[in-house]
Structures are given as C-alpha cells and as structure tokens.
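Right, one structure below, let's go through it.
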Amino acid sequence: MHTLELVGVSSGYGGKQVLHDITFKAQESAIYVVLGPNGAGKTTLFRTIAGILEPYSGQVLFDGADLTRTKAARKRINYLSHYNAIPEEMTVRHALDFYARIEGGDVDMVLSLLDLEELQNKKVSDLSQGQKKRVSIAKVFLDERDLYLLDEPTSNLDPAVSKEIRDMLLRLSKDRIVLYSSHNLYEARDVGTNLILVRNGKIDYFDKISNIKSKEYRVGIKTTTDISKIVDAKLGDGGYYVLSVSTPEEAGLALKKLIENGVLVTEMRQLDNPLQELFEGRHDQGSSEKEGLN
Amino acid sequence: MSGDQGMMIAKRSVSLSKAYPIMGVFLALLGLLISSVSGILRGLPTSGIPASSAGGLDITTALPLVSVALQAFAGIVFSTPVLLLFVYDKNNGVLEYFLSLGMTQRDVYRQYLKAALMLSAGLVAFAVVIDIAAGLLDGMNGLLLLEVCGLVVAMTLPAVSFGTLVMMSFSSLQKQRVGSNQPLGMAIAVFIVMPAYLVPFVVPPLAFEIDLVLAGLIVVFSVLMYLASSRLISREKLLP
C-alpha cells in the first residue's frame with residue numbers, strides 16, 4: 001500500500017502561481033482520474049509531483065519521502081508527459097533502447113506489449129501521431145514503478161489501443177497509485193475509481209467516483225413494447241424510453257415493475273455521466289464527501 | 001544519467017544535421033590550406049614580398065596564426081547540431097523527461113556541453129594531426145608548428161564551450177518559449193574569436209601572446225557562464 005500526499009503545495013512557472021495551496025492524500029492503490037478544464041492546472045500538478053517543477057511552497061510526499069528533495073524517491077515514479085518525448089530521428093527500437101539505457105527495462109517486452117514489433121525498425125518521425133503515442137507509452141512500461149503519473153495517455157489513440165492501455169493500467173493499479181488525466185469523461189468513468197477535479201489551480205473535488213451524487217438520474221430503457229403507461233417514461237432519442245428518477249434505487253424499482261408486467265427489457269443504461277455534471281459544476285455539492293480538500 | 005550520455009547526444013546531433021559537420025570540416029580544411037600556403041610562400045623567391053622585417057608583418061608566420069581563428073570557427077560550426085538538438089529536445093519534451101529523472105538544469109546543460117566538446121575535440125584532433133603532417137612536409141618552423149597546434153586546442157575548445165553555453169542560455173532566457181534567438185549565441189562565439197583573425201596582421205610580434213590571452217579570457221567567460229547558468233535559467237524554461 002502506497003501513499004501520495006500533497007501538503008499545501010503551490011507551484012507555477014516563472015513566479016506566476018498556477019496551483020494554489022493544494023492538499024490531498026491518496027492512500028489507496030487505485031486509478032485517480034485527474035479532470036479539469038483546459039488551463040486548470042492538471043499538467044502543472046503532474047509536473048510538480050514528478051519533481052519537474054519545484055513547488056513555491058508545500059511538500060509532495062510519497063510514502064513519506066519528499067519527492068522534491070529525494071532523488072531516490074523520484075526513481076519510484078514513472079511520468080508520461082502529454083508531449084511524446086521521443087527522439088524522432090531514431091527508429092522505434094533505438095528510441096526505446098535510449099530510454100532503457102537510462103532507466104533500465106526490457107525493450108522486447110514493451111515492443112510486444114504495445115504491439116510495436118512491426119514498427120520497431122521504422123523511424124519515429126515516419127509514424128502517425130497514434131503510433132508515436134504508443135511508443136511514448138511503451139517507454140512508461142519499460143520498468144515497473146510504484147507511482148504512475150500519466151498526462152493524457154490515450155489522446156490520439158484508436159479505441160482498441162486505448163482500451164488495451166486502460167486494461168494495463170487497471171492491472172497495474174491493483175498495488176500502485178496511478179494518476180491519469182483525460183478529457184474524455186466516459187473514459188474517466190470507466191477507468192477511474194477516484195476523482196481529482198482541478199479547477200483554477202485548486203482541488204475542487206477529491207473522492208471516489210461512486211460517491212458522486214446526481215440531482216437527477218436519467219435512465220434509458222429499450223423494450224419491445226410501449227411502457228409509457230406502466231412507468232413515467234417518455235420515448236426519446238435513439239429509441240430509448242427516458243425515465244427520470246432521483247436515486248438509482250428508484251430505477252431498480254421501475255425495472256422490477258416492468259418485469260412484473262411482462263415487459264421484455266432489451267437494454268437499460270444511465271443516460272447522463274455524473275462526471276459531466278461535476279465537470280460543469282451541476283453536481284449535488286452537499287451529498288458528496290470532500291475528503292482531503294485544501 | 002550515465003557517462004555515455006554525452007556521446008549519445010553527440011551521435012544524435014550528427015544524425016540530426018550533417019550539413020553543419022560537413023561545413024565544419026570544410027572550414028577546418030580551409031584553415032589548414034591557409035596554414036600550408038605559408039610553407040609554399042616560404043619556398044618562393046621573396047622579391048616584392050616583405051617576408052620578414054623586425055616588428056613587421058611576416059606573412060609566413062601570420063597565415064598559420066590566422067588559420068587558428070578559422071579552425072576555432074570550424075569547431076563552433078561543427079558542434080552547432082548539438083544546439084539544434086537541444087532546442088529540438090526542449091520542444092518535444094525530452095528535456096522535460098530528463099528533469100523528471102531528477103536532473104537539475106545544470107546536469108542537462110552539462111550533457112549537451114559535453115557532447116559539443118566531444119564533437120569539436122574530434123575535429124581539433126583531426127586538424128592538429130593534419131597540421132603537424134602538413135607543417136613537417138612544408139618544413140615549417142618547429143616552434144611555430146607547436147604554437148599553432150597549441151593555439152588551435154586552446155582557442156577552439158573554450159570557444160565551443162562558450163558558444164554552446166551562450167546558445168543554450170539564449171534558448172532559455174528569451175521570454176517566448178518558441179522564440180529562436182539561439183543563432184545569436186553562435187554569432188557571439190564567432191565574434192569573440194574575431195580578434196584572432198586580425199592580431200597576426202595588426203600586431204605581428206605579439207600575435208601568439210595575444211591569442212593566448214584571448215583563449216584564456218574565453219575560458220574564464222565559459223566557466224563564469226557555466227557557473228551562472230543554473231542561477232540564471234529556471235527549470236521551467238527547459239519545458240516544451
């Protein structure tokens with residue numbers, strides 16, 4: 001079990017403060033999704049934790065060791081910038097060799113893991129953006145670390161590769177802390193168990209995603225018959241009957257009622273993403289625990 | 001970062017741009033040619049050419065000293081791809097990656113400086129060997145040959161060091177991250193060796209001594225620049 005703790009961290013560029021007095025404690029092996037609008041300070045947060053930026057004040061502690069002062073502690077981190085950071089004049093294999101010489105690791109293993117074997121003798125400059133991203137991610141998996149800081153790891157990737165990456169991260173997160181930023185709220189909900197919402201350089205929300213309470217749940221139901229007379233649902237876009245309820249339990253009761261009335265339900269899903277509401281500031285502030293906030 | 005990092009950067013630099021190394025070799029050969037002309041002139045009848053007079057211009061001594069300045073310039077040009085790589089690595093996030101390993105900004109500079117010195121040292125070694133061979137064939141004065149070879153080393157390596165540090169500093173000190181003031185560093189490095197072109201013609205009797213003082217000054221500037229680099233330049237200026 002590892003612990004990442006930020007205590008009163010302020011940081012920025014050239015004296016211009018971007019992060020303001022950030023405090024949180026991640027003490028569960030899990031994927032922490034970092035969300036926030038453009039310019040909110042997500043990348044600055046990653047760079048400060050990775051020791052790239054020296055905080056103006058505060059401490060970044062990983063298992064009690066100050067990451068801003070201890071080089072040994074820094075070796076326990078794997079950081080993926082949203083820039084690819086690959087020498088583009090090299091071939092894929094040479095680029096990964098370059099990083100393996102610095103940090104160690106098995107190049108053949110990551111070539112196979114990221115399905116890069118066929119590309120290994122191609123110059124990085126000749127690859128597509130998505131392929132470059134795969135090489136960049138391969139670099140992160142060269143060697144296992146205790147803390148992964150991944151700034152938009154799945155941008156530019158096709159859905160199949162994105163899913164593979166997410167599956168790898170889910171496996172990794174069983175005994176490690178993974179901080180993962182994304183602009184895709186559906187992906188964030190799929191992959192993350194915890195959420196760090198950054199807004200204007202401050203932590204706006206820090207909690208489990210499952211604890212996010214919506215003011216209203218809209219549930220889409222697909223059936224073979226008209227159900228509008230059984231439950232209070234109206235036919236909407238995509239052939240779904242849309243049911244508005246105030247708790248997930250109410251949706252379960254509606255389903256039970258439909259089944260009791262002999263309705264064949266072919267699909268049922270939540271139409272709104274609670275992260276969307278949170279992102280847009282529409283979530284129920286009062287009902288969610290705001291642990292470890294600054 | 002391991003000790004062979006400088007070598008890796010040097011190799012990457014050359015693979016990024018071959019035009020500069022080719023131009024550097026060309027300039028070094030030009031310098032050697034000018035130096036060798038003195039030997040040819042020495043073998044010619046001197047009527048009409050004021051070959052030597054007390055305190056006056058001796059063209060057979062002046063030309064090898066002029067070639068020193070040209071070879072220092074060749075060294076700067078030869079190692080310029082290191083700077084191009086530095087800017088390129090800054091823009092694509094490689095320098096950010098180095099910082100994430102726990103390197104300081106000075107550690108980063110040192111690796112690129114080492115690479116520039118490795119490249120120029122290779123060119124200097126090549127030039128010195130050719131200088132000696134050509135000098136011996138030409139029958140150049142042994143002391144002059146020694147002075148020329150010594151000056152090539154003493155002036156080229158500090159000039160490259162100074163030029164590289166100035167160029168890296170310019171790339172980091174400018175306000176705009178995507179600015180492109182780096183070539184100014186090269187211009188300053190070329191400017192600082194400029195007196196070495198003129199001294200053999202203006203004050204021939206003191207040319208060697210003045211060149212040595214100049215080389216010493218460049219060493220001092222380089223060391224000061226290196227020591228000041230991490231204070232002058234913040235880490236975030238190495239980020240893309």
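Every read-out reported here was derived from the displayed coordinates using simple, explicitly stated rules and does not represent laboratory data. Only a predicted model underlies this, so the values are computations on that prediction, with no experimental measurement involved. Heads up, the Cβs are rebuilt from the backbone with ideal geometry, glycines too, and the neighbour counts pull from every protein chain shown.
Here, the protein assembly as shown yields an orientationally averaged convex hull projection of 30.7 nm² when only Cα atoms define the hull.
How would A:S228, A:S181 line up from fewest to most surrounding beta-carbon atoms within 10 angstrom?
A:S228, A:S181
Once the chain from A:T225 to A:T247 is taken as fully extended at 0.36 nm per residue, the excess over their C-alpha distance is 5.4 nm. Segment B:207-222 and segment A:22-64 have Cα centres separated by 49 Å. Peptide A:4-13 has a mean shielding of 1, counted as Cβ atoms of other protein chains within 10 Å of each residue's Cβ. In the frame of its principal axes, segment A:217-271 has Cα extents of 24, 24, 18 Å, reported largest first. Checking the Cα-Cα distances for A:K16/A:K133; A:K25/A:K202; A:K16/A:K71; B:K11/B:K237 against a 21 Å cut-off, the pairs over it are A:K16/A:K133; A:K16/A:K71; B:K11/B:K237. Listed by Cβ neighbour count within 10 Å, with the fewest neighbours leading, A:R69, A:R189, A:R199 appear as A:R69, A:R199, A:R189. Derived scalar couplings between HN and Hα for segment B:184-195 equal 4, x, 5, 4, 5, 4, 5, 4, 5, 8, 3, x Hz in order, rounded to whole Hz, by the Karplus curve 6.51 cos²θ - 1.76 cosθ + 1.60 (θ = phi - 60°), x for Gly and Pro. For segment A:57-122, the orientation-averaged shadow of the C-alpha convex hull comes to 6.1 nm² (one quarter of the hull surface). Which GluC sites (Glu not before Pro) in segment A:206-269 sit in a loop by DSSP (not H, G, I, E or B) and have at most 14 other Cβ atoms within 10 Å of their own Cβ? In loop regions of segment A:206-269 (DSSP not H, G, I, E or B), the sparsely surrounded GluC sites (Glu not before Pro) are A:E216.
Let a ≥ b ≥ c be the square roots of the eigenvalues of the Cα gyration tensor of chain A; is it rounded (a/c under 1.5), or, if not, prolate (a/b larger than b/c) or oblate? The partial results should precede the final answer.
Details: a/c = 2.55, a/b = 1.52, b/c = 1.68.
The shape class here is oblate.
Shielding of peptide A:95-101 by partners, expressed as the average count of other chain Cβ atoms within 10 Å per residue Cβ, is 2.
In this calculation the C-beta distance from B:A133 to A:D175 is compared with R0 = 56 Å, giving a FRET efficiency of 0.30.
Look at the stretch B:87-99: the mean tally of other chain Cβ atoms within 10 Å of its residues' Cβ atoms is 5.
For segment B:5-233, the alpha carbon positions stretch 67, 29, 25 Å along the principal axes, listed from largest to smallest.
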